[in-house]
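The values are calculated or read from the model by the stated rules, or taken from the named source; none is laboratory data. Please read these numbers as outputs of a predicted model, since none were measured by experiment. No Cβ is skipped: glycine too gets one built from the backbone with ideal geometry, and neighbour counts run over all protein chains shown.
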């Protein structure tokens, strides 16, 4: 299995109190579940702590016993999300699943993995993570590392299956970038024609993603670029 993504961001989070006792961990978990649920429809800036505490079956004092600020709480949510998504990566991109398979089956598995990531219970937290990047550019670092990790992981799956290996690493990187852009745009813009729940959304993503990975297109000539 591919080497795990670097976890230097898995250090103690400023503003998050260590949950050393079972009761503290359970309270922390309740706030995570509550935040994940509320943030499907509510931005972090618009989330009142009393509402969050009520959803968690706790109190404002209970919140501050675990988190100093909403920003610290969100950082804790973000890392919990990354951990859950990593488990999905391990399941969907396990090399043993693709023995004697085709590159299109790898593409289908990767698109389905991203469908789960972007439509699952962490959707609101993921949307917030993308929305906060302009104000918190440091948060882009961990997301970039995970994107590179995914590129390396699926590149290893494609290499024995794709005939056109010239520039395969670049095609994988660009295909992943396009895929993330499509999911990000769908998540941020509710007025698009194709939604994440549409069958055609999945089908078109698989077809276009796999065609780019496989290099199934005519290269542009100098005349085309003129």
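At least 3 residues being more than 20 Å from the chain's Cα centre (by Cα) and surrounded by 15 or more Cβ atoms within 10 Å (Cβ to Cβ) is the threshold, and among the helices (runs of 4 or more DSSP H) wholly inside segment 109-226 those reaching it are 199-214. In this entry, residue 18 is excluded by the filter for residues that are without any contact (Cβ under 8 Å) to a residue 24 or more places away in the chain and assigned to a helix (DSSP H, G or I).
Which residue out of 78, 25 is farther than 27 Å from residue 187 by Cα, part of a helix (DSSP H, G or I) and modelled with pLDDT under 95?
On the way: 78 fails: farther than 27 Å from residue 187 by Cα.
Result of the check over 78, 25: 25.
Of everything listed in (1) closer than 30 Å to residue 111 by Cβ; (2) part of a helix (DSSP H, G or I); (3) at pLDDT below 95, the single unmet condition for residue 42 is (2).
State whether one or more residues within segment 87-99 are closer than 24 Å to residue 201 by Cα, within 11 Å of the chain's Cα centre (by Cα) and surrounded by fewer than 17 Cβ atoms within 10 Å (Cβ to Cβ). The answer is yes, given that some residue of segment 87-99 is closer than 24 Å to residue 201 by Cα, within 11 Å of the chain's Cα centre (by Cα) and surrounded by fewer than 17 Cβ atoms within 10 Å (Cβ to Cβ).
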